[in-house]
1. The chain: longest stretch without exposed GluC sites (Glu not before Pro) (DSSP loop, at most 11 other Cβ within 10 Å), sites themselves excluded?
2. Given an 8 Å cut-off on Cα distances and at least 6 residues of separation, report the relative contact order of the chain as a percent.
3. Summing -39500 (n - 2.57) over the DSSP H runs of n ≥ 4 in the chain and dividing by its residue number, what mean residue ellipticity at 222 nm do you reach, to the nearest 500 deg cm²/dmol?
4. Over the chain, what percent of the accessible surface lies on carbon and sulfur atoms, probe 1.4 Å?
5. Comparing Asp100, Asp233, Asp174, which has the greatest mean-square fluctuation in the GNM of the chain with Cα pairs linked when under 10 Å apart?
6. Gln82 to Arg44: extension gain in nm, 0.36 nm per residue of separation minus the Cα-Cα distance?
7. Under a 1.4 Å probe, what is the accessible area of the chain per residue, stated in Å²?
8. Using label points projected 7 Å from each Cα along Cα→Cβ, tell me how many nm separate Ser138 and Lys258, to one decimal.
Amino acid sequence: MRPILMKGHERPLTFLKYNRDGDLLFSCAKDHNPTVWFADNGERLGTYRGHNGAVWCCDVTRDSGRLITGSADQTAKLWNVQTGQQLFTFNFDSPAKSVDFSVGDKLAVITTDPFMELSSAIHIKRIAKDPADQTGESVRVIKGPQGRINRAVWGPLNQTIISGGEDSILRIWDTEAFLLSYIFIYVATLTIISSTAIISFYFTYLQTGKLLKETDKESGHKKTITSLVKSADGSHFLTGSLDKSAKLWDSRTLTLIKTYVTGSPVNGVAMSPLLDH
């Protein structure tokens, strides 16, 4: 197999992402400009211009229609993949480090870095079907741990969020309570029920988002977790760390499945959606 050399970025790469079909490759770099390529021949298709800082991450919807990017310029942006049009900008008070679409692409999780008096945080945003209806309001904000969250992804069935970062600890956060409140409010609009009952239920559940599980010192990483990627079916995920190891985990139980020891720090990991490697 002949390797393909793709030249286009002017500064170091920070993140790579294939679309679900595997025919498009999206790249992020410190040069502010996310780029899309044909995966089979390395042809450069286009660049998404609008960020004013390093772009740390990206994700693409299942139909390859929209792209979301997170940047050091304290924004996350939604793009039309085909035209390159900027659809919406989510503004924050600190850099956006990680982005991930939920199953169904109706929600997105975005993490922000600690900055000044602000701690790291996990933001859940609703993604509107029509860009004209998109808002920047967070459905929920979960206060993160001390230090940067380098990666956060949705767990199975969007019921949890899995995060990892500078403190070397993997955490699973509850999101199911939010989904229950969302369903209840939607149903309530179709039935005759007092507004008092709706408000009470909404605030009771929206304030949750508790920590469900975290790794212990024995099985977990010993240094910063640099990367985290899910399997195609979401049943397990792989992490890379500066402790010179990569680890395979069960997405529901956070059980360690296997440890891969390397001779140097692991900066990035990937799992094939088609093959068993």
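The values are calculated or read from the model by the stated rules, or taken from the named source; none is laboratory data. Nothing here was measured: the structure is a model prediction, and the numbers come from that model. Cβ: placed from backbone, ideal geometry, glycine included. Neighbour counts: every protein chain shown. The protein model used for the area step is the full one, side chains on, heavy atoms only, and it has no ligands, DNA or RNA in it. Shrake-Rupley method; radii C 1.70, N 1.55, O 1.52, S 1.80 Å.
1. Looking at the chain, 138-217 is the longest stretch - no exposed GluC sites (Glu not before Pro) with at most 11 other Cβ atoms within 10 Å.
2. 9 percent
3. -3000 deg cm²/dmol
4. The computed percentage sits at 54.
5. Asp233
6. In short, 12.4 nm is gained.
7. Counting only protein heavy atoms, the per-residue value for the chain is 53 Å².
8. Using points 7 Å along Cα→Cβ, the separation is 3.7 nm.
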